[in-house]
Amino acid sequence: MTTTDVDLLPRCRGGDEAAWRELVALHTRKVFGLAYRFTGRVDEAEDLTQEVFVKVYQTLGRYRESDGPFGGWLMAVARNHARQVRHLGGRGG
């Protein structure tokens, strides 16, 4: 049985950690791919991917199913975060 975003999102919003891990697992590859295209480095893409999922977790309540598929919303968050990091000149040091 395949679990979908529609199945997982209510559980994630309810604090189900297993559902959150599954949701992250479903989307990590796409987010990492976008992050890698922005950074060109595996280590930075891994960091950016983690930051995106933290941001998504913190703002999950803002996503509304009526706005479209969760994957599209997630990738918009990822793109915006990657652009912000790039605009700010990376993570600094």
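The values are calculated or read from the model by the stated rules, or taken from the named source; none is laboratory data. This structure is a prediction, so every number in the text was calculated from the model and none was measured. Please note: Cβ atoms are built from the backbone with ideal geometry, for glycine as well, and neighbour counts cover all protein chains shown. Accessible surface areas use protein heavy atoms only, side chains included; no ligands, DNA or RNA. Shrake-Rupley method; radii C 1.70, N 1.55, O 1.52, S 1.80 Å.
A few points about this structure:
- Taking the criterion of being exposed (fewer than 15 other Cβ atoms within 10 Å of the Cβ) and under 24 Å from Leu8 (Cα atoms), the residues of segment 29-40 that qualify are Arg29, Lys30, Gly33.
- Segment 50-74 residues that are within 17 Å of Glu22 (Cβ to Cβ), paired with ones that are among the polar types (S, T, N, Q) and assigned to a helix (DSSP H, G or I) (beta carbon under 8 Å, 6 or more apart): Phe53/Thr28
- Highlighted here are the helices (runs of 4 or more DSSP H) found entirely within segment 4-79 that include at least 2 residues which are under 10 Å from the mean Cα position of the chain (by Cα) and of a type in the set (S, T, N, Q): 42-59.
- Criterion (in contact with a His (Cβ under 6 Å, 6 or more places away or on another chain), of a type in the set (A, V, I, L, M) and modelled with pLDDT of 95 or more) met by exactly one of Val77, Val31, Val24, Val52: Val52
- The set of residues in segment 84-93 that are assigned to a helix (DSSP H, G or I) and either open to solvent by less than 90 Å² (accessible area, probe 1.4 Å) or free of Cβ contacts under 8 Å to residues at least 12 places away in the same chain (or both) comprises Gln84, Val85, His87.
- Looking only at segment 41-69, residues that are open to solvent by less than 50 Å² (accessible area, probe 1.4 Å) and within 13 Å of Lys30 (Cα to Cα) come to 5 in all.
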